[in-house]
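Below: the structure, in structure tokens.
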Amino acid sequence: MRLPRFSLHPAISIVLLTLLAGCDDAPTPPTPTAITAMPSDASLARIYDSSCKLCHANPAAGAPLTGDTNAWAPRLAQGAETLLDHAINGYNGMPPMGLCMHCSEEQFLALIAFMSGQRFQ
Ligand code: HEC
């Protein structure tokens, strides 16, 4: 039996993947950061793990991913006030309170800061 003649050399696959990743229309592949990142504060980490993370670490959800600074940049440009308002009242696919019904404004801001990598104070 002969080996298939048109299999891609691994190095070529990497080049193709890199080209794909550079294309604006290609969906952003999940970064390891988005999937494993956790707030260092334990109580915040619990909230994040049971709410925000379900969507903000899941590329299929259409939410700006945790640690994806490009995705967060235009959202941050709206200002902390608007982001907090959208987190509490909902915004398109973003459910009101991000499924954390007992979260305080302070916790929402801390979670947004964590996900976007931007400090508000
Ligand atoms: C059920 C899925 C889901 C959960 C859970 C969720 N989000 Fe979101 N979030 C989204 C989606 C989808 C968007 C993008 C909405 C859009 O831009 O159309 C979003 C967008 C946002 C935005 C940006 C809003 C803007 O104005 O651009 C903030 C801030 C945010 N989420 C905060 C949070 C926080 C904080 C939590 C956890 C307490 C959370 N989200 C939990 C799905 C979710």
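Details
- Take 41-52, 109-120 and order them by the average number of nearby Cβ atoms within 10 Å per residue, most first; the result is 109-120, 41-52.
- Gain on full stretching of the segment that runs from THR36 to ASP85 - 0.36 nm per residue minus C-alpha separation: 15.0 nm
Coordinate-derived values only; no laboratory data. Predicted, not measured: the structure shown is a model, and the values here were computed from it. Here the Cβ is made from the backbone with ideal geometry for all residues, glycine too, and neighbour counts use every protein chain on show.
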